[in-house]
Every structure is written in structure tokens, then in C-alpha cells.
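This report concerns only the one structure given below.
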């Protein structure tokens, strides 16, 4: 088990203690009849309406925000948090993203 996997398990435990429904799903993407072999793997989905991506890097690359936003669009999730644990002050490492028009339908299957 990788170090990143252990950190994710610890975060899941913290969410569960607060009675939040935190999950991690593997989402297979289908586009124009093609099914991609490598499914999307996001970090944490909380109560079907908050997508959390965890990082621990010196500098967040713009592609990290783009990745989170793409996941939010595919899953129709209205709010996303990108959290970088490398920041000395954690609040400086949190980026909140909102997807206009997204709403939780209960069926979070990607549709392209």
C-alpha cells in the first residue's frame, strides 16, 4: 500500500467520525461509444455533493485545478475542494471551486 493510500484512508476515517458519507469510486468513462480502459480515480466524494482532491506538492500546477473541474463536470458535482497539504498554513492550501448549474441528481454517472 502506497503512502498516498494510507493518507486517504485516514481522511476517510475522519469523515466517517463526523457521520459524513465519504466514498471513493472508480468511474469508467464512455465517450461516443468508446470505453476508456483506465477509469478516472478521484480522491473523495462527500455526500454526493462535494468532491475533494488531495495534493502534497510545493507548487500547485494549474492542471490540478483543471483535473478537479473536469471531474466535477463529469460527475455533476457542484462544489470541489483542492487541498494542498504541503502549505505551512493549511488554509493557504485550500482552493474552493464551484460548478455553475451543477446539481446532485443522485445518479452520478458521467455523460458526455
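Counted as qualifying within the chain are the strands (runs of 3 or more DSSP E) with 3 or more residues that are modelled with pLDDT of 85 or more, namely 50-55, 79-84, 94-98.
Do we have residue 80 as touching a helix residue (DSSP H, G or I) at 6+ places or on another chain (Cβ under 6 Å), without any contact (Cβ under 8 Å) to a residue 60 or more places away in the chain and surrounded by 13 or more Cβ atoms within 10 Å (Cβ to Cβ) here? Criteria met by residue 80.
The values are calculated or read from the model by the stated rules, or taken from the named source; none is laboratory data. In this text the structure is predicted, and so the values were computed from the model without any measurement. Virtual Cβ from ideal backbone geometry, glycine too; neighbours counted across all protein chains shown.
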